[in-house]
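The values are calculated or read from the model by the stated rules, or taken from the named source; none is laboratory data. Being a predicted model, the structure only gives us computed values, none of them experimental. Cβ coordinates were reconstructed from backbone atoms using ideal geometry, including for glycine residues, and neighbour counts include every protein chain displayed.
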């Protein structure tokens, strides 16, 4: 079986969405066991469709036997330049998921390396991510390190003013 790692194309959208929904099923009590959240699915479809057009997110996939079996994406952020990042370009790694039958074959690593190469070639200062316990060793082996340099605030409807 030949597996090809490549940048995703607009025609890959539906398979990418299915992988992303599987990722959510694994990570959270997705839609409280009620199946696919159609609002989330449609919003995700719109996001990635727009991203293919405007380049705000790049996705790489592993394809085997004509089907996408793994994916990973970089959401691209451009902000005002700051010390150490005069281009103001950073990226957030997300959407890393491999179908169970294709795990432990190095596909996630190859996708990650493609994303890292893209970031390097395009002048990004950093890539950040939230790693699952399963993914931490992969990211550490590629040079990612834990950081305590930022804080996070989650906007919740009950505290919105």
Exercise for the section: Would you mind telling me which numbered condition in (1) touching a strand residue (DSSP E or B) at 6+ places or on another chain (Cβ under 8 Å); (2) surrounded by fewer than 13 Cβ atoms within 10 Å (Cβ to Cβ) residue 108 fails? Expected result: (2)
Completion exercise
Scanning region 84-99 for residues that are surrounded by fewer than 14 Cβ atoms within 10 Å (Cβ to Cβ) and either in contact (Cβ under 8 Å) with a residue 24 or more places away in the chain or in contact with a helix residue (DSSP H, G or I) (Cβ under 9 Å, 6 or more places away or on another chain) (or both) gives 84, 87
Problem - Unmet criterion (only one of (1) more than 21 Å from residue 6 (Cβ to Cβ); (2) surrounded by fewer than 17 Cβ atoms within 10 Å (Cβ to Cβ); (3) in contact with a strand residue (DSSP E or B) (Cβ under 7 Å, 6 or more places away or on another chain)) for residue 157 - result: (3)
Fill in the blank from the handout: Counting only residues in region 26-45 that are surrounded by fewer than 15 Cβ atoms within 10 Å (Cβ to Cβ) and either in a strand (DSSP E or B) or at positive phi (or both), the one modelled with the lowest pLDDT is identified as 32
